[in-house]
Each structure stands twice: as C-alpha cells, then as structure tokens.
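The values are calculated or read from the model by the stated rules, or taken from the named source; none is laboratory data. Bear in mind the structure is a predicted one, so any value in this text is a computation, not a measurement. Counting neighbours? That spans all protein chains shown, and the Cβs are built from the backbone with ideal geometry, glycine included. Ligands, DNA and RNA are excluded from the accessible area calculation, which covers all protein heavy atoms including side chains. Shrake-Rupley method; radii C 1.70, N 1.55, O 1.52, S 1.80 Å.
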Amino acid sequence: MSKKENTPPPSTLAALLKDKPKRGRPLRAVSRQNVYVALTKKQKAQIKEMAASLPKGITRADVPDLAIAILSARMEALRRAVSGRDREIPEGITDLESIYLLWDISVYEAKDTPRKWTSIRLSPQPSIELGRVHGMLYAIFSTNRSETFGLGLDLLQQFVETVLPDLDIETCELAALRQIIIDNYL
Amino acid sequence: MAIGNQLDLEFEQFSPNWDRLGVVVPPFTIEADPRFMYLSTETRRALSKVSYMVEAGQGASVIVGEVGTGKTTLASWFHSRYQRRPDFIAAKIDESPKKSGLLLLRRIAAEFGIRTRRATEDQLNEFRALLVEQSSKGILPLIIIDEAHELSPEQFVELRRLLNFRDPRGGKAFQLVLLGRPELDINLREVPDFNDRVATRSSLDPLTPEDTNSLIEYRLLAAGRDSKQVPLFAENAILPIWRETKGYPRSICLLCLHLCLELLATNGTQINAAFVTKFLEDHHDYRQAGSSRFS
C-alpha cells in the first residue's frame, strides 16, 4: 500500500469550517464610514487635544466614535428622566444652547463661526446613533448634523476634563471606554 | 413742589402716543409679564435646570436673585407653562402666609382647589388624596412659591413633609420651585433636612451691557416695533443706561419707560447717550414719579 493511500482523505466538513469567520460579530473591526460635518478650526484642534488626553490605546481616529457614544448616552439619560411626561425634552429647554446650559458645558460656538466641511470616520453603530440623536434634535430645535456632532465633542471634552481623571485609566481599548461612558451616564 | 410731584403732574396731563414709537403696547412695563420675559444666559440656565428637575420628579429647586432680577416673571412663566400641560397641575403662591406651616398648606390646597382643613394632619391627608387621584392619571402637582425668603422654619418643615410623598414611579410626588432673595440660601442652611432635598440651585444675576442691549431690543420687538426701523435706542445709549441701573432688569425697564415718555414729550426721534445723560441730570428722582398709569 502506498503512503498516499494511508493518509485519510480530508474531511469536507473540516475544510468548510477552516478559516471561516465565526457567526455574529466579525473578528476584525468593520471599516468605518465617512460622515460629512462642518467643523470650526477650534473643533479640529479640540479633537487633536482630546486624543492626547485619552488613555493609551485610544487614537485620534477613535475620538468621533467616543463623542457619539457620550452624546447618545446623555441624550438617552435625558429622555429616560422625563419618560413619564408628554415631552421628550423638558419645557425650559428651548434651544440647543439650553442643553449646553443644562449640562454646564462651557464650550459653545456661535452659529456664524466659519466652518469647513470635512469627513469624520464613524463605526457603523455610532453612525446610526448620530443619525438618531440628530433626528431628534432636528425635530425639536432644527439642529443640523454638524451642531449635533459639535455637542458630542463638547460633552467628550467635559468627560475628559472632569470624569476621566477620577477613573485613573492608563490603558484602555475603544470598546472598554465606550462601556465606561455608558455605565457612567446610564 | 418736589420734582417727583412735578413729574407726576406733567405725566398726568400727558397721554403717551405709543404709535409714534412704532409699538402697539407699552414696551417697558415693569409688571411680571411672561410675554416680555427676556431670556438672559442666567435665566436660560435656571429655566433648563429647574424644568429638568421638575419633569424628572426630583423634588425641590431653588432660584435666588436680588430685587428686580426677574424672579416673579420667571415664577409666572413656570406657572403659565405648566398650567397648560395636561400632565401637570400647578399652584403658585405669590406671598406666603406669615410663619404658620398649616396656613401655608391651606393656601397651597386652595390653589389646587382641594378642601382646606383646620388640622395639619387632616390637610396632609387631603394632599395624599389629591396625589392618589392625580397620579392615577399620570399628573404631577407643581408648587411654585415666590418670595420664598419669607418662609419660616415651621413652613419649611411642612414643605419637607410634602416632598416626602412618593409617586408610583418612586420619584418625588410634589415638585417644588422656590424663588426668593439671596437670604433664602441663608434661611435654608437653618433647615438642613429641607436643604438636603434641594435638587438644584440657580441664581439670577444682573445683566451685562450686552444683555441690557438685548433686553431693550427684545422688549421693543415684543411690543410690535419693526426691527428694520432705525434703532430707538442708539448704541451709545446702552452704557449710561446700564451704569445707572447696574444691570437690574426692573430698573432698566423703569428707566427706559421714562426715557420713552420723555422722547414722546419732546417730539424726539432717537434716544442716545446725550439724551440719557440730560434726562438723568434733569430728573434724577424719576424713580419716585408714577409709572403704572402709563402702562
């Protein structure tokens, strides 16, 4: 009997399973999507500065995802707080600036500040969340997508300045920091 | 004859023609009218924080401010807005009864339209019955107390007992907004049990020169003046007005009312810095002159 005949034929099932991705969440991060927003020079610098203040393992490219995570969590917290009432936003919050005042966010740029269109790259879930928050703010205050994203950036800045130092995190991955944000506000 | 009396006499003989200023109603009435409420940054901050606390069922909110910073206007705003909402019933106490906790409860009960009782426990039971009735419909009672710096420790005790009532969701059943002078903060320190239950504090500060300008423009716009017209108040008139009034909204409105009347009396067209200075020199006691008859 030859050597070749001794080796069992390869299993069809094993061949099928080999190198196949598991079902559910993909093994590698899904590529981010381009979302177009108009940002001021100050906001672009803000993204750069915040990336430097975030824990190791988080890069500049992750900042938009984190900004949307925090925006989504805080809007959800606001919605839940008034869920028993017949409005999604409390009576005294009459415009976007009132939201800044409610949450004690100091950074607020006037509408007429010059802005440049640019693309930010968002993971699939944050891009859906941005759409959801933008839709709600647009319906109530006619807020555009750039202003919605700007609010997220300012919320992230507040988080980096006031909450993050107390958490004392040196190294962290994007998913873990997202979870920390959600746990902190919801 | 005193200058104030002279002014009174002159004004009595003078019926202001507001049309000439391009407005349909007097723009600088000093009555607490929510239609004329100018939202400065501090007012907006107070509005957003307090309305959030009220709707989230957080219990007591406190707003402090000096005389003439717009507390009563804010109280009227809260009352008028929440009274219109189907998911709220609102009671506004403009001046609380002196000292007695029971009398305060009776006044609140009367505002809600429920039965008033002679014993505190009975009165609290009436409030309990109101809660059972309203919470089944998803309605939240809101109590607004203006001039809250006049409340006595005994009255704070009764308000605290109201705050202890819970709604079916577990939140505070009665929502309370207290507005008063800065002494309110000092009084609250003497009642720590109540003070611990305060969810948010806001303060109304005097306006900046920019806000003073915005208030004047807003009032004229709300009174019907066309924004395309030449400004009634020249840019250089704002600083002397702000200096004289120290940025207190009621004082700004009173001075602007007198400036408008003076402009009408002298057939002028615009109020500028020289006009304001001359008016203040000639009528330095304008505050004593009557104003309500022209509104």
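Grab the eigenvalues of the alpha-carbon gyration tensor for the protein assembly as shown, scale each by 5, take roots, and send me the semi-axes largest first in whole angstrom.
Details: eigenvalues 603, 218, 66 Å².
Equivalent ellipsoid semi-axes, largest first: 55, 33, 18 Å.
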If unit charges are put on Cβ atoms (+1 for Lys and Arg, -1 for Asp and Glu) and the dipole of chain A is taken about its Cα centre, the option from A:Ser53, A:Val82, A:Ile128 lying farthest towards the positive end turns out to be A:Ile128
Helix B:273-282: inclination vs chain B longest Cα principal axis, degrees, rounded to 10, gives 80 degrees
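To the nearest 20 debye, what is the magnitude of the charge dipole of the stretch A:32-186 about its Cα centre, counting +1 on the Cβ of each Lys and Arg and -1 on the Cβ of each Asp and Glu? List each step's numbers first, then the result.
Working: 19 positive and 21 negative charges, 141 e Å.
Computed about the Cα centre, the dipole is about 680 debye.
Rounded if a/c is under 1.5, else prolate if a/b is larger than b/c, else oblate: which is the stretch B:50-138, with a ≥ b ≥ c the root eigenvalues of its Cα gyration tensor? Walk me through the intermediate numbers first.
Details: a/c = 2.09, a/b = 1.23, b/c = 1.70.
Judged from the Cα gyration tensor, the stretch B:50-138 comes out oblate (a/c at least 1.5, b/c at or above a/b).
Taking each pair of different alpha-carbon atoms in chain B once, compute 1/r for the pair, average those values, and report the inverse of that mean as the Kirkwood hydrodynamic radius in Å to one decimal.
Working: mean 1/r = 0.0477 Å⁻¹.
One decimal place: 21.0 Å for the Kirkwood radius.
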Along the stretch B:16-32, Karplus-curve 3J(HN,Hα) (6.51, -1.76, 1.60; θ = phi - 60°) to the nearest Hz, with x for Gly and Pro, reads x, 9, 5, 4, 5, 8, x, 10, 9, 10, x, x, 10, 5, 9, 6, 6
Residues meeting the amide H criterion for B:Ile144 (H placed from the backbone, H to H distance under 5 Å, 5 or more places apart or on another chain) are B:Ala91, B:Lys92, B:Ile93, B:Val177
Losing no less than 40 Å² of accessible area (probe 1.4 Å) relative to the isolated chain, the residues of the stretch B:50-80 are B:Tyr52, B:Glu55
When the charge dipole of the protein assembly as shown is computed with +1 on Lys and Arg Cβ and -1 on Asp and Glu Cβ about the Cα centre, the Cα farthest towards its positive end, among B:Gln270, A:Ala110, B:Thr116, belongs to A:Ala110
Computed over chain B: longest principal axis from alpha-carbon atoms vs helix B:209-222 long axis, angle to nearest 10 degrees, is 90 degrees
Per 10 angstrom bin, beginning at 0 and ending with the bin that holds the maximum distance, the Cα pairs of chain A fall in percents of 8, 32, 30, 13, 6, 5, 4, 2, 0
For the pair A and B, the solvent-accessible area buried on both sides (1.4 Å probe; DNA, RNA and ligands excluded), in Å² to the nearest hundred, is 1800 Å²
Note on chain A: contact order normalised by length, alpha-carbon pairs under 8 Å, 6 or more apart, percent, works out to 39 percent
Taking Cα atoms, the helix B:249-265 axis meets the longest principal axis of chain B at an angle in degrees (rounded to 10) of 30 degrees
Lys pairs in chain A with Cα under 24 Å (8 or more apart in sequence, or on separate chains) total 12
The percentage of the accessible area of the stretch B:42-161 (probe 1.4 Å, all protein chains present) made up of carbon and sulfur atoms, to the nearest whole number, is 46 percent
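Which longest uninterrupted range of chain B lacks any GluC sites (Glu not before Pro) assigned by DSSP to a loop state (not H, G, I, E or B) and surrounded by at most 13 other Cβ atoms within 10 Å?
On the way: sites that count: B:Glu31, B:Glu95, B:Glu190.
Counting only loop sites that pass the neighbour cut-off, the longest clear stretch is B:191-295.
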Whole-percent carbon and sulfur contribution to the accessible surface of the stretch A:65-186 (1.4 Å, no ligands, DNA or RNA) stands at 48 percent
Among GluC sites (Glu not before Pro) in the stretch A:96-186, those in a DSSP loop whose Cβ has at most 10 other Cβ atoms within 10 Å are A:Glu170
Restricted to chain B, the DSSP antiparallel beta bridge percent, nearest 5, is 5 percent
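With a 1.4 Å probe and all protein chains left in place, how much accessible area per residue does the stretch B:21-153 have, in Å²?
On the way: 5270 Å² over 133 residues.
With the other protein chains kept in place, the stretch B:21-153 gives 40 Å² per residue.
What dipole magnitude, in Debye to the nearest 20, does chain B give about its Cα centre under +1 on Lys/Arg Cβ and -1 on Asp/Glu Cβ?
Working: 37 positive and 39 negative charges, 243 e Å.
It works out to roughly 1160 debye.
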Among A:Ser31, B:Gly170, B:Phe36, the residue whose Cα sits farthest towards the positive end of the charge dipole of the protein assembly as shown, when +1 is placed on the Cβ of each Lys and Arg and -1 on the Cβ of each Asp and Glu, is A:Ser31
Measuring from its Cα centre, the protein assembly as shown shows a charge dipole (+1 at each Lys and Arg Cβ, -1 at each Asp and Glu Cβ) which, in debye to the nearest 20, is 2740 debye
Note to self: Kirkwood Rh of the stretch B:160-295, Cα pairs, one decimal, Å, is 18.2 Å
